[in-house]
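Here the structure is laid out as structure tokens; the discussion comes afterwards.
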Amino acid sequence: MMLLLAFAYYGGPIWVAGLLAWVGYAQRARRPGFNRWYAAAVACAVLGAAALCFWHLWAGAMRGVGG
């Protein structure tokens, strides 16, 4: 669990989204049209942003902020 939280804290899902977008950019020349790599990059970026928001809310709750 702590490894997953550390991965989210350091922006891991956002880095993965960047990597997926880069792969999608490379694949667009081979297969025009809908690019599932871009869809995966968007989904990963949204999950990464949600994980960072959760991390900050959780850390604030642990410190007793905002209650």
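The values are calculated or read from the model by the stated rules, or taken from the named source; none is laboratory data. Note that the structure is predicted; figures quoted are calculated from it, not measured. Note that each Cβ is placed from the backbone with ideal geometry, even for glycine, and that neighbours are counted across all protein chains shown. In case anyone asks, the SASA skips ligands and DNA or RNA and just uses the protein heavy atoms, side chains included. Shrake-Rupley method; radii C 1.70, N 1.55, O 1.52, S 1.80 Å.
Within region 19-27, is even one residue surrounded by 15 or more Cβ atoms within 10 Å (Cβ to Cβ) and on the phi > 0 side of the Ramachandran plot?
No, because not a single residue in region 19-27 is surrounded by 15 or more Cβ atoms within 10 Å (Cβ to Cβ) and on the phi > 0 side of the Ramachandran plot.
What are the pairs with Cβ atoms under 6 angstrom where one residue, in region 1-24, is farther than 15 Å from ALA45 by Cβ and at pLDDT below 80 and the other, located anywhere, is open to solvent by 20 Å² or more (accessible area, probe 1.4 Å) and part of a helix (DSSP H, G or I)? Sequence gap at least six, or different chains.
Sorted first by the residue in region 1-24, then by its partner, the pairs are TYR9/TRP55.
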